[in-house]
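Structure, as structure tokens:
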Amino acid sequence: MSTLYVGLDLAWGERNPTGVAVLDERGRILHLSTVRTDDEIVAALSPYADGPVVAGIDAPLVVTNETGSRPAERALSRDYRRFEAGTHPSNTGKPEFRDGTRGARVAALLGLELHATALEVYPHAATVALFELPKTLKYKAKPGRDLASLRSELLRLIELTETVVEPDDTWRALRASVEAATRKSELRVAEDQVDAVVCAYVALLAHTRPDAVTTYGDLETGQIVTPVLRTQRPPEDPLRAAVRAYAERHPALVAAAARAERQLGTILDEAGINYLAISARAKAVASFADKATRTDETGALLYPDPLRDIGDQVGVRVITYVRSDVEAVAGLLAAQSRVLDDRDLGEVTASEGRFGYASRHLQVALPVEDAGGAGGAEDEQVVQVQLRTVLQHAWAEFEHDIRYKGSVPAEHASEFDRRFTLAAGLLELADREFSAVRDRLRGAPVPERADDDPRIAPRELAAFLAGQYDDAGWSRTDHYLWVSGLLLELGITTLQELSETLRDADEDAIAERMDYRYPPGAVRRLDDALLFVFGERYLALHGNAHRRDLLETRWERLRTAAP
């Protein structure tokens, strides 16, 4: 029977919360909770008590000295004080140790043997050693530490811990609660559980790799078990070093993902390309760790240098309505960024005579906003951009959910393959039909305006622009409402007034100056025409304040042809 590893971030008394965690031999989180009393600890762990258990307990187990610190505490502090991870003194002069220790009592209730299956551990020292920290992370609430700094440090500990354990849904929910915390007390509940996972991992390490831990003290006066410091250990495994390095850079990648989402949204909106959604994410640490260990059929690593070879560390997904918009977005990215790689996986699937996964993956180097550099690689962020139609996205998400997150019985595998192939073929036909409909229609369903709204109704504006620019592509539905607001600022409240205004717009000159490399939507065509006619007045509109720099660049191209 497999051994399970328990972690207890044990409070001094039964009124305060105690974090409880259970890991299996692979480091997968099986249980995570917060309890208070000894009986609640026993109840929480009872489902895991049938087989062998080793527990890491963050609390003194043996205290015999009347004053000062125990030998184990003095020895550990000598090694860890420079990391601000020294221990607090434990002695029988303190009320909590006068009649024995709570740690020993809980170990007895769980049927564990002190220093054998019940190990005293110390998370602060453990994290310094495990993750090679220069100082302890400051996630404990103390005077002078505000909510933002505490949350940031706890999130970093969570990310680092994900490099050595495999999260479950409870852990992911815990992380989400930390990200959304608005009070320090909410962080306190989470920190106890994170510490408990660290305690459990130290127990796993001590049991499966005894050479990877150091034991301070002795059986008579108490022992503390902690991972070996780097100065005391052999060279680190390259894969583990890569995962640790990725965890350290993860906060920066989260910021880069948000920045990339904004950039691509601005690029597509400025181009007037219609799309359903844009989303971005930084690859989770646990997902990076899993991908870094993948091998081919010969056992060779697929990503020998994970930090360089794994290309989707920052990913952006753009969902369009029809396939021609996928091509338009790809062309736009090629025009406004450095494309390092471009693979149409739908074409790959089709070339093999199959129906299945269809998505276009581009590896692009986006310029970093406000980098302030000289335009080199250090001023760029490499991003994997996935382009799909909404139907391609539906198939890919459902197929991934069933095949990779679910469990397909072996006897149904061939049937499921057939059904997924059939669905892919039908959706490809549907994509073609949607494209045909789009080619026949110009304009789009748009939101209605209120009866007392002085703006041109978006639906009426869409119909007008479909006739005015019969070769234009669809625009996003919300853009019709937005541009009607700009027209109102210009004093244009009827379609007749708009028609008269556009007579002054030289469409041939505008097209020549703008040199469109993609099919602009109807709203973008109108936007350029209004800029052509009104110039500086259009730039100064309140509704254009957020994009004045972009409009000024366009105006420079248009002004030589403007009246």
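The residues of segment 259-273 that are exposed (fewer than 14 other Cβ atoms within 10 Å of the Cβ) and within 18 Å of the chain's Cα centre (by Cα) amount to a single one, 262.
Could you please give the count of residues in segment 72-85 that are among the acidic types (Asp, Glu) and surrounded by 15 or more Cβ atoms within 10 Å (Cβ to Cβ)? Give the derivation first.
Filtering segment 72-85 for residues among the acidic types (Asp, Glu) gives 73, 79, 84.
Cutting the leftovers down to surrounded by 15 or more Cβ atoms within 10 Å (Cβ to Cβ) gives us 73, 79.
Total meeting the criteria: 2.
Residue count for segment 495-514, restricted to those that are more than 15 Å from residue 470 (Cβ to Cβ), touching a helix residue (DSSP H, G or I) at 6+ places or on another chain (Cβ under 8 Å) and not small (Gly, Ala, Ser): 8. Restricting attention to segment 499-513, and to residues there that are crowded, with 17+ Cβ neighbours inside 10 Å and within 45 Å of the chain's Cα centre (by Cα), which single residue is nearest to residue 482 (Cα to Cα)? So, considering only residues that are crowded, with 17+ Cβ neighbours inside 10 Å and within 45 Å of the chain's Cα centre (by Cα), the one nearest to residue 482 (Cα to Cα) is 510. Within segment 149-193, the set of residues being touching a strand residue (DSSP E or B) at 6+ places or on another chain (Cβ under 8 Å), β-branched (Val, Ile, Thr) and crowded, with 21+ Cβ neighbours inside 10 Å comprises 165 only. Got at least one residue in segment 372-381 being under 29 Å from residue 163 (Cα atoms), at pLDDT 80 or above and among the polar types (S, T, N, Q)? Yes, because at least one residue in segment 372-381 is under 29 Å from residue 163 (Cα atoms), at pLDDT 80 or above and among the polar types (S, T, N, Q).
For segment 1-26, which positions are outside any loop (DSSP other than H, G, I, E, B) and among the hydrophobic types (A, V, I, L, M, F, W, C)? So that I can check it myself, show each step before the final result.
Kept after step one, since they are outside any loop (DSSP other than H, G, I, E, B), are these residues of segment 1-26: 4-9, 18-23.
Matches in segment 1-26: 4, 6, 8, 20, 21, 22, 23.
Within segment 348-363, is there a residue that is modelled with pLDDT of 90 or more, within 23 Å of residue 272 (Cα to Cα) and not in a helix (DSSP H, G or I)? Yes, there is a match, as at least one residue in segment 348-363 is modelled with pLDDT of 90 or more, within 23 Å of residue 272 (Cα to Cα) and not in a helix (DSSP H, G or I).
Of the residues making up segment 211-226, just one is open to solvent by less than 20 Å² (accessible area, probe 1.4 Å) and modelled with pLDDT under 95, namely 212.
Picking from 196, 206, 257, which residue would you name as being in contact with a strand residue (DSSP E or B) (Cβ under 8 Å, 6 or more places away or on another chain), outside the structural domain of residue 366 (by the TED database) and either farther than 18 Å from residue 139 by Cβ or among the aromatic types (Phe, Trp, Tyr) (or both)?
On the way: 196 fails: either farther than 18 Å from residue 139 by Cβ or among the aromatic types (Phe, Trp, Tyr) (or both); 257 fails: outside the structural domain of residue 366 (by the TED database).
Step by step, each of 196, 206, 257 is checked, and only 206 is in contact with a strand residue (DSSP E or B) (Cβ under 8 Å, 6 or more places away or on another chain), outside the structural domain of residue 366 (by the TED database) and either farther than 18 Å from residue 139 by Cβ or among the aromatic types (Phe, Trp, Tyr) (or both).
Does any residue of segment 285-293 turn out to be over 28 Å from residue 125 (Cβ atoms), modelled with pLDDT under 90 and not in a helix (DSSP H, G or I)? Among the residues of segment 285-293, not one is over 28 Å from residue 125 (Cβ atoms), modelled with pLDDT under 90 and not in a helix (DSSP H, G or I), which makes the answer no. Listed by first and then second residue, the pairs with beta-carbon distance under 9 Å, at least 6 apart or on different chains, first residue in segment 179-204 and of a type in the set (Lys, Arg), second open to solvent by less than 30 Å² (accessible area, probe 1.4 Å) and in a helix (DSSP H, G or I), are 184/150. In the set (1) within 20 Å of residue 116 (Cα to Cα); (2) open to solvent by 30 Å² or more (accessible area, probe 1.4 Å); (3) in a loop (DSSP other than H, G, I, E, B), the condition left unmet by residue 88 is number (1).
Which ones in segment 378-387 are open to solvent by 10 Å² or more (accessible area, probe 1.4 Å) and either assigned to a strand (DSSP E or B) or of a type in the set (Ser, Thr, Tyr) (or both)? Within segment 378-387, 380, 381, 382, 384, 386 qualify.
Just to be sure before I move on: is residue 504 under 28 Å from residue 325 (Cα atoms) and of a type in the set (Asp, Glu) in the structure I sent? Spell out how you get there, then give the answer.
Working: under 28 Å from residue 325 (Cα atoms): no; of a type in the set (Asp, Glu): yes.
No.
For segment 102-117, does any single residue satisfy the condition of being among the hydroxyl-bearing types (Ser, Thr, Tyr), open to solvent by 10 Å² or more (accessible area, probe 1.4 Å), in a helix (DSSP H, G or I) and assigned by the TED database to the domain that holds residue 203? No, there is no match, as no residue in segment 102-117 is among the hydroxyl-bearing types (Ser, Thr, Tyr), open to solvent by 10 Å² or more (accessible area, probe 1.4 Å), in a helix (DSSP H, G or I) and assigned by the TED database to the domain that holds residue 203.
If you scan segment 236-251, which residues turn out to be closer than 17 Å to residue 133 by Cβ and open to solvent by 20 Å² or more (accessible area, probe 1.4 Å)?
236, 240, 241, 244, 245, 248, 249, 251
With respect to residue 46, is the statement that it is free of Cβ contacts under 8 Å to residues at least 60 places away in the same chain, among the hydroxyl-bearing types (Ser, Thr, Tyr), assigned by the TED database to the domain that holds residue 220 and under 23 Å from residue 206 (Cβ atoms) true? Write out each step before concluding.
Values: free of Cβ contacts under 8 Å to residues at least 60 places away in the same chain: yes; among the hydroxyl-bearing types (Ser, Thr, Tyr): yes; assigned by the TED database to the domain that holds residue 220: yes; under 23 Å from residue 206 (Cβ atoms): no.
When the stated conditions are applied, residue 46 does not pass them.
The values are calculated or read from the model by the stated rules, or taken from the named source; none is laboratory data. Because the structure is a prediction, the values reported are computed rather than measured. Quick reminder, even Gly has a Cβ in these numbers, built from the backbone with ideal geometry, and neighbours come from all protein chains shown. When the accessible area is computed, the model is the full protein with side chains, heavy atoms only, and any ligands, DNA or RNA have been set aside. Shrake-Rupley method; radii C 1.70, N 1.55, O 1.52, S 1.80 Å.
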